[in-house]
1. In segment 136-146, what residues are surrounded by fewer than 22 Cβ atoms within 10 Å (Cβ to Cβ) and assigned to a helix (DSSP H, G or I)?
2. Looking only at segment 239-265, filter to residues that are part of a loop (DSSP other than H, G, I, E, B) and farther than 17 Å from Ala202 by Cβ; which one of those is modelled with the lowest pLDDT?
3. Restricting attention to segment 507-558, report how many residues are among the hydrophobic types (A, V, I, L, M, F, W, C), closer than 19 Å to Ala466 by Cα and not in a helix (DSSP H, G or I).
4. Identify the residue in segment 193-234 that is more than 13 Å from Ile267 (Cα to Cα) and among the hydroxyl-bearing types (Ser, Thr, Tyr) and, among all such residues, is modelled with the highest pLDDT.
5. Among residues belonging to segment 328-382 that are under 16 Å from the mean Cα position of the chain (by Cα) and of a type in the set (Phe, Trp, Tyr), point out the one that is farthest from Gln34 (Cα to Cα).
6. Please indicate, with yes or no, whether at least one residue in segment 219-233 is within 30 Å of Met351 (Cα to Cα), touching a Gly at 6+ places or on another chain (Cβ under 8 Å) and not assigned by TED's automatic domain parsing to the domain that holds Ala168.
7. Is it the case that Glu386 is under 24 Å from the mean Cα position of the chain (by Cα), surrounded by fewer than 16 Cβ atoms within 10 Å (Cβ to Cβ) and either modelled with pLDDT of 85 or more or of a type in the set (Asp, Glu) (or both)?
8. Given the residues Ala350, Ala268, which is the only one that is out of contact with any strand residue (DSSP E or B) (no Cβ under 6 Å at 6 or more places or on another chain), assigned to a helix (DSSP H, G or I) and under 30 Å from Asp53 (Cβ atoms)?
Amino acid sequence: MPLEALIAGSVFVEIAALLVLAALVGFIGMMLRQPLIVAFIAVGLLVGPDVLDLIHSKEEIELLSELGIAVLLFLVGIKLDIKLVRSLGVVSLFTGLGQVLFTSVFGFLIGLALGFSAQESVYIAVALTFSSTIIIVKLLSDKREIDALHGQVALGFLIVQDLVVVFAMVVLSAIGIGAGSEEAATTEILRLFLYSGLLLVAVGCFVKWVAVPLTDRLAHSPELLITFAIALAALFAALGDLVGFGKELGGLLAGVALASTRYREAIAARLAPLRDFLLLFFFISLGISLNLGNLGDQLGGALVFSLFVLVGNPLIVMVIMGIMGYRKRTGFLAGLTVAQISEFSLIFIAMGVTIGHVGNDVLSLVTLVGLVTIAASTYMITWSHELFAFFERWLGVFERSQTPREQSGPVLKERIDVLVFGTGRFGSALGFRLHRAGLKVLGVDFNPAAVERWRQWGLDCEYGDATDPEFLASLPLTRISWAVSTVPSLAPGVTHDDHRLTLIQSLRAAGYDGRIAVTSHMPADSDQLREAGANLVIQPFQDAADRVVELLTSGEKPERLDEVAVDVGGQREVAG
């Protein structure tokens, strides 16, 4: 019996088949270091009518897709606390708005040049301005660069992009309502303003008098709190659909209603897996709706727009950050994070298709651009430091002669006993112990907040990237006895982006002939690190365990409590 006959007629079997295929294709994508968005759209194409033709319960999948979009917009809204918006720095604001303006203007002109109408070109240009927060945060977190300066700047202009998304969807809803006759459009717009005003007043009253005490009460049962959050997102999405401004904005308003509560981060964290699961059906639904022949017709235009996003977006970020006084390295690493479009781009175009402003050919085009840019930018961000080393010779034009936003403190003239790269929990504990032992310690970190924290504690610390040869060359390497890296590898067996190997090579290339210690959580890495030039491989967990075993078996009683723990900035750190 054919596979289609086995699946046909049972919604449950179809969903089960989708989930199995999504897991299989997702695993292949993971092995290729690709985000799940690419894998899920591929699943949609695979089960669609042009390939296997396995899915016929499109209404059910569309329902799950719409719920996923509502939850996604809810999580965007719950992050839009007014305090967060006010805290946006000038750099994030100018970089975000500058990139949006550049991409939309030149994207519009490219669309016209490729033969698209003005209306289609506007849709395409706006869709190209959004970058994927989910993908960027995931990649930067995996590389432990989310707290680095370029990571913080990237998060800032991603928030700006989220605000632009909200504005674009509001405008799109209003345009959709005014798509009929002029008289009917006026009536509909007035009705929309009336209902929207009432809903906004309701949200304001909920935020002021209900949200905090209600969530405080619901938080006694975390499961009930999450159920309430989902119910609120679905309710507002349904109300938004009923009054005419769409499920998307309804879900967004539901998130805003809870954005001022103390539990917003917990709600967002608990709902993120549900969002990812439901968005699976949005991307699959999108893939099913695409016609492979139509995709082939849009290939040329998609490649032009993809090159524009992959090259143009990073360049404009580098230009703006260079003008504002950042170094070319920071601008380059931050710029790579916007070299793709996002899931919001596809949702935005899908809204345009629903309204009737653009056709499926534009949806196919933007989807292809999404597949190309997301796939390519993933590798670009993963290999960002290697790419910078390759292009560095040509990037001087993006850096001012003075870089006031990245000025380090004065480099110490006296001899330094130990240079500590990485001032996190382990690095801070190590620095305090060395300082207490009477040694001169200098910390180095690429997180400005971490640098400032060390300086407030009375320890010397410099802002800089351990993998930046220029920065390493500026350090007084001839007066340093030990260089210690407290940052372990990203993952077992990862060698292409191992900061420890890069640091060892860069220190030796800069003329450092002292001793080097590196941190490892994997005993199997030790031989490779020693072969690369490390004099000592620190294994914090094993070393701490050895010390505890020594205390337990020797019967020795510590004379002071701080022999096994040390107070670091008000926090107790385990010895190791």
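The values are calculated or read from the model by the stated rules, or taken from the named source; none is laboratory data. All values derive from a computational prediction rather than experimental measurement. So basically every Cβ, Gly included, is an ideal-geometry build from the backbone, and we count neighbours across all protein chains shown.
1. At the first step, the residues of segment 136-146 found to be surrounded by fewer than 22 Cβ atoms within 10 Å (Cβ to Cβ) are 137-138, 141-144, 146.
Those that are surrounded by fewer than 22 Cβ atoms within 10 Å (Cβ to Cβ) and assigned to a helix (DSSP H, G or I): Val137, Lys138, Ser141, Asp142.
2. First, the residues of segment 239-265 that are part of a loop (DSSP other than H, G, I, E, B): 244-245, 259-263.
Narrowing further to those that are farther than 17 Å from Ala202 by Cβ: 262-263.
Values: Arg262: 85, Tyr263: 88.
My answer is Arg262.
3. Narrowing segment 507-558 to residues among the hydrophobic types (A, V, I, L, M, F, W, C): 507, 509-510, 516-518, 522, 524, 529, 532, 534, 536-538, 541, 544-545, 548-549, 551-552.
Adding the requirement that they be closer than 19 Å to Ala466 by Cα leaves 507, 509-510, 516-518, 529, 532, 534, 536-538.
So of that shortlist, the ones also not in a helix (DSSP H, G or I) come out as 510, 516-518, 534, 536-538.
The number of residues fulfilling the criteria is 8.
4. This residue is Tyr195.
5. Here the residue is Phe344.
6. Restricting attention to segment 219-233, the residues satisfying the condition of being within 30 Å of Met351 (Cα to Cα) are 226-233.
Filter again for touching a Gly at 6+ places or on another chain (Cβ under 8 Å), leaving 233.
Narrowing further to those that are not assigned by TED's automatic domain parsing to the domain that holds Ala168: 233.
Within segment 219-233, one or more residues are within 30 Å of Met351 (Cα to Cα), touching a Gly at 6+ places or on another chain (Cβ under 8 Å) and not assigned by TED's automatic domain parsing to the domain that holds Ala168.
7. yes
8. Values: Ala268 fails: under 30 Å from Asp53 (Cβ atoms).
None of the others qualify; the one that does is Ala350.
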